[in-house]
1. Between Ile99, Ile162, Ile22, where does the largest GNM mean-square fluctuation fall for the chain, given springs only between Cα atoms within less than 10 Å?
2. Looking at the chain as a GNM with Cα springs under 10 Å, which of Val116, Val157, Val100 has the largest mean-square fluctuation?
3. Once fully extended, how much extra length lies between Cys72 and His25, figured as 0.36 nm per residue of separation less the alpha-carbon to alpha-carbon distance?
4. Dipole magnitude of the range 9-195 about its Cα centre, charges +1 at Lys/Arg Cβ and -1 at Asp/Glu Cβ only, in debye to the nearest 20?
5. Return the Rg/Rh ratio of the chain with Cα-based radii and a Kirkwood Rh.
6. What whole-number distance in Å separates the alpha-carbon centres of the range 73-140 and the range 7-58?
7. Quick one: Karplus J couplings for the range 28-36, per residue in order, coefficients 6.51, -1.76, 1.60, θ = phi - 60°, nearest Hz, x for Gly and Pro?
8. Count the DSSP beta bridges whose two residues both fall in the chain, then state the antiparallel fraction as a percent rounded to the nearest 5.
Amino acid sequence: MFDEVVLESEFFDGLRRMDAEIAEHVRRGRCPRCGGALHRGDYGRKPRGGTLAAAGEEQTRRFSFCCSQEGCRRRATPPSLRFLGRRVYVEAVVVVASIVAMAKTRPREVRQSTGVPARTVWRWRAWWSGAFAATAVLAELRARFVGGLPASLLPIVIVEKIEGCPSTRLEVVARWLAPLTTASLDDGARFLKAMN
């Protein structure tokens, strides 16, 4: 199902709009460290999309804020549905390429199917079964889905639990992963709950 997915501009425009809503919730608040006002401080990104999501490369701004208090000036970067932390590739590519790599075992096949170097995809696969497996996000998903989510089958077991077309499934996964996309806000998940 995902080995022939190509994500278009409409998909990323929708994620950008949702990111903007989350950013607005963060902006209305105060600096989580000192209570100062937050000012817009977006920064540029040069995301890659591989052959799966070339349209994602147009998403060049990461929404962020900066504290106005002299001496603090800390960033408050909202959770994102487009970017998975500091990874160069857009989040949807990390998910889809990881799924494709589960079916394709040869590095050349992975590269041809995704446009992402196989070594990069193998690193992502290790992240899913290692660091991601130890997150509160996965613990919450395991509580949500009876029957377990084996770390060796991530992320496909998560995606299979969601109904809808591939883009709908990826949007839902992006919402679930969003708390992992920022380290500057202690409880990034609360801004996602405010949207619902």
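Each value in this text was obtained by applying a stated rule to the coordinates, not by laboratory testing. Keep in mind that what you see is a predicted model, and the values were worked out from it rather than measured. All Cβ positions, glycine included, derive from the backbone under ideal geometry; neighbour counts span all protein chains shown.
1. Looking only at Ile99, Ile162, Ile22, the biggest GNM fluctuation is shown by Ile162.
2. Highest fluctuation among the options: Val157.
3. 14.9 nm
4. I would put it at about 580 debye.
5. My calculation of the ratio gives 0.98.
6. 18 Å
7. Once rounded to whole Hz, the list reads 5, x, 10, 4, x, 9, 10, x, x.
8. 90 percent
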